[in-house]
Structures are given as structure tokens and as C-alpha cells.
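One structure is given here, and the rest of the page talks about it.
The values are calculated or read from the model by the stated rules, or taken from the named source; none is laboratory data. Bear in mind the structure is a predicted one, so any value in this text is a computation, not a measurement. Using ideal geometry, Cβ is built from the backbone for each residue, glycine included, and neighbour counts are taken over all protein chains shown.
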Amino acid sequence: MAASSRLLWASRAAAYLRISTFPRAFSTVLKDLKYADTHEWVKVEGDSATVGITDHAQDHLGDVVYVELPEVGVSVSQGKNFGAVESVKATSDINSPVSGEVVEVNEKLSEEPGLVNASPYEKGWIIKVKLSDSGELNSLMDDEKYSKFCEEEDNH
Amino acid sequence: MTHGRSKAGSLAGGNDAGDACNGSEEQLLRCTADNWCVINDGTAPPTIVMGVSGRVSELVKIQAVLQDQVPVVRRFSGGGTVIVDQGTVFVTVICNKAAVAGLQPFPRDIMSWSGQLYGKVFDRFGEFHLRENDYAFSHRKFGGNAQSITKNRWVHHTSFLWDYDVKNMDYLKIPKRAPEYRLARNHTDFLCRMKEYMPSRSIFTDGVIMALGEHFSVQPTDLQTVLSDDEEFVPSTKLLSQHDLEEIVYSKESLRV
């Protein structure tokens with residue numbers, strides 16, 4: 001396949017799969033999610049949000065060996081830490097991209113913390129939040145902005 | 001870098017107990033906005049210090065610890081289990097994200113930076129390596145690292161084995177998660193003592209401050225004047241009580257305390 005055809009095929013496949021593509025091999029970034037500059041993602045459905053860390057984050061963190069989860073029922077605030085992951089002898093705070101109440105935590109991460117690495121946007125989700133202020137989403141990045149942000153950080 | 005260098009306070013922490021030392025560092029990380037280097041030269045009494053997720057029953061010989069009343073502290077950072085005593089020198093660097101230009105706040109990036117920093121301190125005394133996440137002369141470890149990374153700041157702390165009492169190592173089990181280069185060696189074959197490579201502790205600690213001086217403008221300060229009585233701050237660093245340890249012994253499952 002000629003290079004231009006390959007690129008076109010890749011772009012169409014990516015659009016179908018709702019994945020953003022880039023000329024170089026960057027971390028996966030999904031459309032329809034919002035992103036914080038501390039590398040957390042949020043998926044909003046009505047007044048409910050699911051939160052996790054991005055592919056860029058899990059790649060830079062290394063193998064996650066432990067996830068410190070909050071209790072169900074606690075409040076989270078945009079930009080404030082609510083839990084932590086441990087990898088490569090480091091604990092790293094996880095900061096909430098939204099404010100609200102934690103309604104569910106991913107208990108599977110207690111036994112399988114590696115899900116954060118293997119499936120950061122799906123099986124590796126961390127908390128579900130009942131949003132208290134959906135207006136906060138406007139301060140988050142979309143997939144394109146976040147991709148550029150990651151590119152700038154990696155090239156610094 | 002000689003223009004616009006970040007400032008760093010250097011604190012001699014003295015001879016603090018393990019929980020006091022770690023708790024102070026946690027407070028400096030979470031409650032101040034400055035860059036710090038804290039050097040704690042020796043800990044009394046010998047104390048076991050565990051990382052945030054370590055399972056006590058898997059890493060520590062609890063019965064012996066209870067019998068000999070060895071304090072066990074759970075620190076706020078990641079990493080493994082150490083037993084620290086008068087021969088251990090703790091060096092902690094606490095930095096704002098922006099303090100080192102271009103350094104992303106992720107574990108391997110910070111470790112790479114610190115490895116280069118300590119390379120300047122140790123290169124002339126032995127074959128210094130950053131091996132996986134440890135500082136080693138050749139294949140023998142003399143410094144273990146742990147980190148904690150928040151939104152805008154990070155801590156990199158190292159327990160350096162200036163000297164160690166091999167009897168104290170008997171309180172620790174060989175961990176399941178061990179670096180590859182350990183190759184199942186016991187503590188005695190895996191570790192080395194810095195005093196066999198360097199003439200004095202002060203040459204070591206002065207060397208650290210000098211190496212930091214290439215990145216920061218360093219000012220010595222007293223730890224007690226820096227830490228306020230911030231009653232709102234509750235450290236996660238915890239000294240495990242006798243009751244905590246006994247619960248683990250008698251529990252059928254591994255409890256995290």
C-alpha cells in the first residue's frame with residue numbers, strides 16, 4: 001500500500017474506533033473524553049462521571065503495583081488529590097478532574113493494579129463520581145489539546 | 001545553571017526517630033512551597049521503615065520484631081522495606097515540579113535526574129551505578145530510594161548505608177519483589193557499606209550539598225524553625241503500634257495497617 005493510502009486507511013480506522021492518530025507513535029488518547037493537565041481522564045454521562053489515568057500517565061509511571069482508592073461517599077474536588085498509585089518505588093497522587101461525590105470505586109484494582117497499565121481507559125477506571133458542577137468540564141482539555149500537551153511535555 | 005537558579009534550603013535533621021523524620025518530610029512536601037534537601041544522619045533506635053503498600057507479614061519477621069520491640073514505621077512514599085539505624089544516612093530532596101527545567105514529575109524521570117546528581121558525589125569513590133532503582137557500587141547496593149509525587153511537587157528520598165549491623169537485617173524477610181540484579185543474594189552479599197569506599201560521612205554529605213549547588217542556590221536552615229505547628233496537617237506516616245503488629249500475627253489474612 002502506498003504511504004498516502006496507508007495514512008488514509010489509518011485515519012479512517014482511527015475515526016471508526018474513535019482514536020486520535022498522530023504522525024509518531026504517541027500514547028493513545030480517546031475522543032469523547034476530557035483530560036486534566038495532571039493526566040487524568042473523565043468520561044461524562046449525564047451527571048455521572050468515570051475517572052482514570054491516561055495512557056501517557058501509565059506509560060510514564062511504569063508498572064503500577066498498588067492503587068490507593070478513596071472510600072465511597074467521600075467528596076472529591078477538581079484539581080485535588082483523592083488517591084494514589086504506586087509504581088517503581090513511587091507513590092503518585094491521582095487528582096480529580098471533577099468535583100462531586102464518589103459513588104463507586106474499582107475494587108478490582110486492589111487485586112489487579114496492573115489493569116491501570118493494561119487498560120487505562122476501560123478496565124483500569126478508578127472512581128465514579130456524581131458531579132456537583134458540570135461547568136467545571138469547560139476547564140478541561142479535549143483530546144486534541146491533551147495530545148498536544150503530552151507532545152510538548154515529552155519534547156521539553 | 002548560574003542564572004535564575006531555584007533556591008533550596010538544606011536542613012540537618014539531626015538524629016530523629018524514623019516516624020518523626022518521615023512525618024517532617026511529608027509536612028515539608030505538602031505544606032510548604034520551597035525546595036528542600038534534608039539530611040538525617042543516623043536513626044535511633046533501629047527502626048523498620050516500610051513503603052506505603054508493603055504487607056508487613058510478607059516483609060517483616062513480626063514475632064522477632066515484637067519480642068525485641070523494634071519500631072515499625074509506614075512511610076508516605078513508595079518503595080521497599082529497610083531497617084535504619086545509627087549507620088544510615090537519609091537524604092531527601094523535595095522539589096517543585098518547575099524547579100528542574102524539563103523534568104517531568106514521573107518516577108523514572110526523577111530517578112534519572114537524581115542518579116546523575118549522585119553520580120557526581122560518588123563517581124570518584126567507586127564504580128557507581130543507578131541499578132534499576134538503587135544506588136550501587138558495582139553490583140552491591142548502598143542506597144535505596146523511594147519517591148512521592150504530588151500535583152506540583154515531588155520527594156526523592158534515599159536511605160544510604162554508611163554502615164549497617166548485619167544482625168538487624170535478620171528482622172527482614174527477603175522480598176518477593178526484588179530487583180533483577182539482586183539474583184536471590186542474601187542481604188550480606190547484596191549490600192555494601194559506604195564507609196568501605198569513602199573516608200568520612202562529612203565528605204559524603206558535603207559532596208551532596210556541593211552537587212545540589214550546581215542546580216540550586218543552597219542555604220542551610222534549621223528544621224525546627226521551618227516546621228510550623230500545623231495542627232490541621234495530619235501525616236499519613238504512621239508508627240505501627242504493638243497492637244497493630246499483633247493483629248497481623250493473629251489475623252488469617254494480611255491486614256494493611
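Structure values in brief
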| quantity | calculated |
| --- | --- |
| Lone qualifier among A:Ala57, A:Ala90 - being within 10 Å of chain B (Cβ to nearest Cβ), surrounded by 22 or more Cβ atoms within 10 Å (Cβ to Cβ) and under 14 Å from A:Tyr35 (Cα atoms) | A:Ala57 |
| Residue tally, condition modelled with pLDDT under 90 and under 18 Å from A:Lys89 (Cα atoms), over segment B:61-92 | 13 |
| Residue under evaluation A:Ser147, criteria (1) among the polar types (S, T, N, Q); (2) closer than 19 Å to A:Leu30 by Cα; (3) surrounded by fewer than 18 Cβ atoms within 10 Å (Cβ to Cβ), criterion not met | (3) |
| Matching entry among B:Leu212, B:Leu130, B:Leu117, B:Leu161 (being under 22 Å from B:Cys37 (Cα atoms), within 14 Å of chain A (Cβ to nearest Cβ) and modelled with pLDDT of 90 or more) | B:Leu130 |
| Residues located in segment B:141-172, provided they are over 30 Å from B:Leu28 (Cα atoms) and surrounded by 22 or more Cβ atoms within 10 Å (Cβ to Cβ) | none |
| Some residue of segment A:102-120 being touching a residue at least 24 places away in the same chain (Cβ under 8 Å), in contact with a Lys or Arg (Cβ under 7 Å, 6 or more places away or on another chain), surrounded by fewer than 22 Cβ atoms within 10 Å (Cβ to Cβ) and away from chain B (no Cβ under 13 Å) | yes |
| Which listed residue, of B:Asn35, B:Asn22, is crowded, with 22+ Cβ neighbours inside 10 Å, more than 14 Å from chain A (Cβ to nearest Cβ) and either at pLDDT 75 or above or within 12 Å of the chain's Cα centre (by Cα) (or both) | B:Asn35 |
| Residue count for segment A:25-51, restricted to those that are within 14 Å of chain B (Cβ to nearest Cβ) and either surrounded by fewer than 16 Cβ atoms within 10 Å (Cβ to Cβ) or acidic (Asp, Glu) (or both) | 2 |
| Any hit, segment B:67-76, residues being within 13 Å of chain A (Cβ to nearest Cβ) and of a type in the set (Lys, Arg) | yes |
| Residues of segment B:180-212 satisfying the condition of being surrounded by fewer than 11 Cβ atoms within 10 Å (Cβ to Cβ) and closer than 16 Å to B:His129 by Cβ | B:Glu180, B:Leu183 |
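Every residue, every condition in (1) among the polar types (S, T, N, Q); (2) assigned to a strand (DSSP E or B), yes or no:
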{"residue": "B:Phe125", "(1), (2)": "no, no"}
{"residue": "B:Lys141", "(1), (2)": "no, yes"}
{"residue": "B:Gly144", "(1), (2)": "no, yes"}
{"residue": "B:Thr158", "(1), (2)": "yes, yes"}
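A quick yes/no check of all residues on (1) out of contact with any helix residue (DSSP H, G or I) (no Cβ under 6 Å at 6 or more places or on another chain); (2) within 9 Å of chain A (Cβ to nearest Cβ); (3) within 14 Å of B:His156 (Cα to Cα):
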residue: B:Thr88; (1), (2), (3): yes, no, no
residue: B:Ile94; (1), (2), (3): no, no, yes
residue: B:Ala98; (1), (2), (3): yes, no, no
residue: B:Ala101; (1), (2), (3): yes, yes, no
residue: B:Phe122; (1), (2), (3): yes, no, no
